[in-house]
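Data first, discussion second: the structure below is written as structure tokens.
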Amino acid sequence: MKRTVIWVLYILMGVQIAFGFAYFVSNFGITQQFRENLDFFLPMEAVCLIQLTLAAVSNWYVLGELGFRENRYMRGYVCAFLLTVPWLLQMHMARLVWSMAFSVFLWLSGLILQTIREGISGKRTLLLFVAYLLYGIICPDGVYLGGFLLLFLFSQKKQVGARAGFRFGAAAFLTACIIFTANWGLNNTFPEARTIYRENNLGVTAVSRLVWPNFGKNYFFWDDDVKAVLSEERAVWISWRVDLVGEEFYPLLEENYGKKEATKLCLEMGLRCLKDRTRETISEIGRDLKDYFLLPYTIERNLKGEGSSLTAWNYGRMREHTPVLVKYYYRYGTFELPVLLLGSFLLWAFQISEQIGMFLRRNAVGKEAKRELLRPGEGKEASVRKKMLFYVLILYTVWYAARSNVPIDYKLTLPILFIWYLASAAGLLYGTAGNQCGKSVLPADGGNEERK
């Protein structure tokens, strides 16, 4: 039964890899028409190869730190599987920042796990902050999200140490300052190319998350300073597009009253709406938290026309050249995930069953083997890996649900998709751990050697 489940997982993953290869071959060099496409000087073919190479290397590296270090063939197979997840491969073959940002995220995550496993060192610390610097510049929210990722490493006090912890914190603060300065310079030098790198401040977040889409309905409750620069008709227009809060409304307040006063007025608007529409606002935030956390299933619902998102727009860009192939590629991507998750759960259950059976035979093994039988294949390393993956899942869910009321856009949340599909393939680890455990823990003579 166990072997059958393992083969089913391999076959299902192989079908997706075949879909991904077909999409790569038929769409290689094709530019997807996104509004925020970057104007690279390189041809699209070179962009695809560079982004796919970086994604493959970063996937290979982080998988090694996530428990796939021993079996190189399995590691390569899972790497190919994760590269060909439809929504991830779409970004790797698009002229956007998200593929590069995702690759740097994987590199940073792998460095954090390696530091926890092997301890902190000067070289590794340098690499950590180089990765953080790149993530902060490439990803629009990278300076904040990368900082929270480093905070997870900082929370592992035994690995960092008290004295090194102070230097680590100071280096992180200095790197964040460099990122803010670099982003400010780049945003002013290339304003059109970096339109998505808008400033994230509490004022814009408060209005976007708490006020919109009731911007026009609450117009007569706003402060006189707000109504002095914004007509009711314009307020109603902004109610139709949440992106206008950051692109038009906040810059208008900042131009007239300065940054500090503009942020204060926005916060007052947000608090007023939260007070007047507490239940409605909490319900909206709760819905977004659920949708981001269960992102693969949210995408499936969006494809059926349910919910508010940019999934249909992204899907339209992907299917322009090969509509039939992408249609079934998308459908298969949503179909396979629950099946793979069920298979991985069964393999985990088989492993637990084997552990219990072996533990019941504890009188036949030595003292050291008993300790291993309690949690074969587990330990501090595996525990930290699971904690970090869950931490990342919660971090990206809360961040994007709280920062704005913008319709869900899976381009921004590739790490969430990565974790779900990684979890669906994790059963392969459980499938091999049990066999290795049975061979390595039980002595050939049934434990008689220790009793002698």
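The values are calculated or read from the model by the stated rules, or taken from the named source; none is laboratory data. Quick caveat, the model's predicted, so the values are computed rather than measured. Neighbour counts are summed over all protein chains in view; Cβ atoms, including those assigned to glycine, are modelled from backbone coordinates with ideal geometry. The area values use the complete protein model at the heavy-atom level, side chains included, leaving out ligands, DNA and RNA. Shrake-Rupley method; radii C 1.70, N 1.55, O 1.52, S 1.80 Å.
Give me the one-decimal nm value for the distance between modelled label points at residue 312 and residue 201, 7 Å along each residue's Cα-to-Cβ direction.
3.5 nm
Could you compute how much accessible surface residue 195 exposes when probed at 1.4 Å, giving the result in Å² to the nearest 10?
90 Å²
Rounded, prolate or oblate, given the Cα gyration tensor of the stretch 15-65, with a/c below 1.5 counting as rounded?
Verdict is oblate for the stretch 15-65.
Report relative contact order for the chain in percent, whole number only (criteria: Cα-Cα under 8 Å, sequence separation at least 6). Don't skip to the answer; put the middle values down first.
Details: 464 pairs, mean separation 91.3, N = 452.
Rounded, it is 20 percent for the chain.
Using alpha-carbon pairs under 8 Å, 6+ residues apart, how would you state the relative contact order of the stretch 189-326 in percent?
Numbers: 91 pairs, mean separation 34.5, N = 138.
This gives 25 percent for the stretch 189-326.
Would you work out the relative contact order for the stretch 1-155, in percent, from Cα pairs under 8 angstrom that are 6 or more residues apart?
Rounded, it is 23 percent for the stretch 1-155.
Suppose every Lys and Arg Cβ carries +1 and every Asp and Glu Cβ carries -1, with no other charges. What dipole size does the chain come out with about its Cα centre, to the nearest 20 debye?
It works out to roughly 1920 debye.
Want the number for residue 121 to residue 45: 0.36 nm per residue separation, take away the alpha-carbon distance, what's left? Can you show the working numbers first?
Values: separation 76, 0.36 × 76 = 27.36 nm, distance 3.86 nm.
Net length gain for the segment: 23.5 nm.
Given 85, 251, 121, which one lies farthest toward the positive end of the charge dipole of the chain, if we put +1 on the Cβ of every Lys and Arg and -1 on the Cβ of every Asp and Glu?
Value computed over the given set: 121.
Quick one: net charge of residue 264's neighbours, Cβ under 12 Å, K/R +1, D/E -1?
-3
Can you give me the solvent accessible area of residue 412 with a 1.4 Å probe, rounded to the nearest 10 Å²?
Approximately 40 Å² for this residue.
With +1 assigned to the C-beta of every Lys and Arg and -1 to the C-beta of every Asp and Glu, and no other charges, what is the dipole magnitude of the stretch 292-341 about the Cα centre in debye, to the nearest 20?
120 debye
Could you list the GluC sites (Glu not before Pro) in the stretch 273-354 that lie in coil according to DSSP, counting only those with at most 14 other Cβ atoms within 10 Å of their Cβ?
306, 320
Quick query: amide H of residue 405 versus all other amide H atoms, modeled in the peptide plane; which residues come in under 5 Å with a sequence gap of 5 or more or a different chain?
Amide H neighbours of residue 405: 209.
Quote the accessible area belonging to residue 225 in square angstrom, nearest 10, computed with a 1.4 Å probe and with ligands, DNA and RNA left uncounted.
For residue 225, solvent-accessible area is about 60 Å².
Any idea what the dipole of the stretch 154-290 comes to, in debye rounded to 20, about its Cα centre with Lys/Arg Cβ at +1 and Asp/Glu Cβ at -1?
Charge dipole of the stretch 154-290: 1060 debye, to the nearest 20.
Could you order 196, 394 by accessible surface area, starting with the largest, using a probe radius of 1.4 Å?
On the way: 196 45, 394 65 Å².
The most accessible residue leads, giving 394, 196.
How would the stretch 41-129 be classified by its alpha-carbon gyration tensor: rounded, prolate or oblate, with rounded meaning a/c under 1.5 and the a/b versus b/c comparison settling the rest?
It comes out oblate by the Cα gyration axes.
Report the paramagnetic label zone for residue 38: residues of the stretch 132-155 whose backbone N is under 14 Å from a point 7 Å from Cα along the Cα-to-Cβ axis.
Of the residues in the stretch 132-155, 134-142 have backbone N under 14 Å from the label point off residue 38.
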